[in-house]
Each structure stands twice: as C-alpha cells, then as structure tokens.
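Structure record follows, encoded as structure tokens.
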Amino acid sequence: MFIILYCHVGFYHSELTFISSNTVLKRYFCKECLYSTIDRSNLKRHARTHTQERPYVCAVCGKAFTRKSNLDIHVMKHNFPN
Ligand SMILES: [Zn+2]
Ligand SMILES: [Zn+2]
C-alpha cells in the first residue's frame, strides 16, 4: 500500500512521491503520454520530443499539436467560439 506524500503538477510533468513501509518511491510522469521515469533528467529529455513533434496542425490558424484529441478540442473553439 502506497501513500502519496507529495504531488506537483508542472508544465511538462507530474511528480509523485510514494512511501511504503521502508521505501520512498519517486516517479516523474509525462503529461502528454504514458511515459514515466524515476529520473527527472530523463523526463526533461523525453518532454522535448513532444515540443519538437507536433504532427497535428490546425487548418484554420496553423497552430500545431502533439495529439489529435488536443487538435480536435482546438478546432471546436474555432467552430464554437463561446
Ligand atoms: Zn510523453
Ligand atoms: Zn486554430
């Protein structure tokens, strides 16, 4: 059984610290995909792949997105501004 001690949500990552009976576990989670790591520098390197690869581009304004679902939400705002 784990207890969440600390949770920080940043721009690129969520940081969770768990503690069990004799172990403290800290993991960093990517906000864009399911990637997670115990090494913060690994996550920073990983996050860069998302900023460089934005294959889903809005046909209206040219804004680019890493995920199709995010593009779909964005396009909805063009269609329904309010
Ligand atoms: Zn990711
Ligand atoms: Zn757009």
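Read-outs: derived from the displayed coordinates by stated rules, not from any lab. Because the structure is predicted, anything quoted here is derived from the model rather than measured. Note that each Cβ is placed from the backbone with ideal geometry, even for glycine, and that neighbours are counted across all protein chains shown.
Laid out as a table, the results:
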{"quantity": "Shape of region 20-67, Cα gyration tensor, a/c cut at 1.5", "calculated": "prolate"}
{"quantity": "Protection proxy ranking, peptides 55-62, 67-74, average beta carbon neighbours within 10 Å, highest first", "calculated": "67-74, 55-62"}
{"quantity": "In region 21-51, the trypsin sites (Lys or Arg not before Pro) that fall in loop regions by DSSP, at most 15 other Cβ within 10 Å", "calculated": "Lys31"}
